[in-house]
Amino acid sequence: MRKITFSILIAVMLVTLGAYAIAMDIPQQQTRVEMKAMTVAELEKAGDEARGQKNYSLAIDYFQAALKKDRQNANLYNKLGLAQLKNNELNAAKTSFQKASKINSKYAEAINNIGAVEYMRKNYGGAAKHFKKAVALDETHSTYHVNLGAAWFSQKKFERAISEYVRALELNPDAFNQESKIGIAAQILSPEERAQYAFSLAKAYAKRGDVDNCLQCLKKAKEEGYRNMANVYKDEEFTHMRDNPRLHEVVPPPIDK
């Protein structure tokens with residue numbers, strides 16, 4: 001009797017779930033019908049809105065529907081790739097970015113985004129290759145320099161990283177404030193790496209003459225346990241700051257023997 005009752009319960013659950021699935025599928029079918037009647041511009045706008053609402057699966061559907069009507073639209077492929085990237089579909093995202101760059105070989109943003117995929121895969125050499133190409137295509141875009149600097153940093157090529165950070169700050173003083181929203185620093189996991197990253201940024205700010213941000217980064221490096229704080233009295237970038245009392249509060253000057 002128990003076996004029969006259990007079998008009936010399973011059957012009821014399956015029927016209920018089946019009905020629920022059918023009910024859920026109706027809006028999806030309606031959406032697909034609506035997509036067929038929409039123009040490319042309307043589909044792109046709807047995809048942008050879905051991506052803005054973090055509904056990445058729906059955004060992907062809209063962009064793919066748009067691409068069926070305009071298969072040579074590099075911008076749509078790039079937007080599709082961004083939605084796929086946010087949806088953790090790294091392989092699909094890379095393919096979309098590659099298609100965008102194939103349609104337009106000078107599409108710096110798509111090439112940068114290929115680098116972003118490689119960076120997320122921890123293929124820092126491959127990431128640097130694409131970030132360098134993006135920089136070559138558009139040297140005035142600060143984000144590309146920040147990204148290239150991050151790729152160099154991850155390969156422990158610190159001086160190269162600092163050069164890119166300095167250039168990014170020359171182009172956009174808020175480059176790292178914007179990048180922090182994306183969380184590039186958050187991908188540096190170990191305390192030692194975070195400390196080195198903060199000190200590298202301090203050098204970049206110091207070279208630019210930005211004392212406030214330099215001191216903020218030095219404090220962060222110190223908090224993270226950076227072992228070579230005394231280098232502020234050795235490294236050339238900090239030369240003009242060495243008599244600043246605010247620096248002495250963060251890193252006491254060496255005592256003459």
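Stokes-Einstein diffusion of the stretch 200-242 at 10 °C, 1.306 mPa s viscosity, Kirkwood radius from Cα pairs, rounded to a whole number: 157 µm²/s. In terms of its C-alpha gyration tensor, the stretch 98-177 has an oblate overall shape, because the principal axis ratio a/c (a ≥ b ≥ c, square roots of the eigenvalues) is not below 1.5 and a/b does not outweigh b/c. Legend: calculated FRET efficiency, Leu171 to Asp70, from the Cβ-Cβ distance at R0 = 25 Å, rounded to 0.05, equals 0.15.
Using equal-weight Cα scatterers in the Debye expression, the normalised intensity of the stretch 61-133 in log10 at q = 0.18, 0.19, 0.22 Å⁻¹ is -0.61, -0.67, -0.87. With both labels modelled 7 Å from their Cα along Cα-to-Cβ, the His248 to Asp235 distance reads 2.2 nm. On the basis of the beta-carbon distance and an R0 of 51 Å, Glu159 and Asp48 show a calculated FRET efficiency of 0.80. Lys102 to Thr39: FRET efficiency via 1/(1 + (r/R0)^6), r the Cβ-Cβ distance, R0 25 Å, to the nearest 0.05? Taking R0 as 25 Å, the efficiency between Lys102 and Thr39 is 0.50.
For Lys220, the lysines whose Cα falls under 21 Å of its own Cα, not counting residues fewer than eight places away in the same chain, are Lys156, Lys157, Lys181, Lys203, Lys207, Lys234.
Summing charges over neighbours of Phe131, with a neighbour being any other residue whose Cβ is under 11 Å away from its Cβ, gives +1 when K and R count +1 and D and E count -1. Here the scattering of the stretch 41-195 is modelled by Debye summation over its C-alpha atoms, one equal scatterer each and no solvent; at q = 0.08 Å⁻¹ the log10 of I(q)/I(0) is -0.24.
Filter Lys99/Lys129; Lys79/Lys132; Lys45/Lys133 down to the pairs with a C-alpha to C-alpha distance above 25 Å, please.
Lys45/Lys133
Any read-out appearing in this document is the output of simple, stated calculations on the displayed coordinates, not a laboratory observation. Here the structure is a predicted model, which is why all the values come from computation and not from measurement. Positions of Cβ are backbone-derived with ideal geometry, glycine not excepted, and every protein chain shown enters the neighbour counts.
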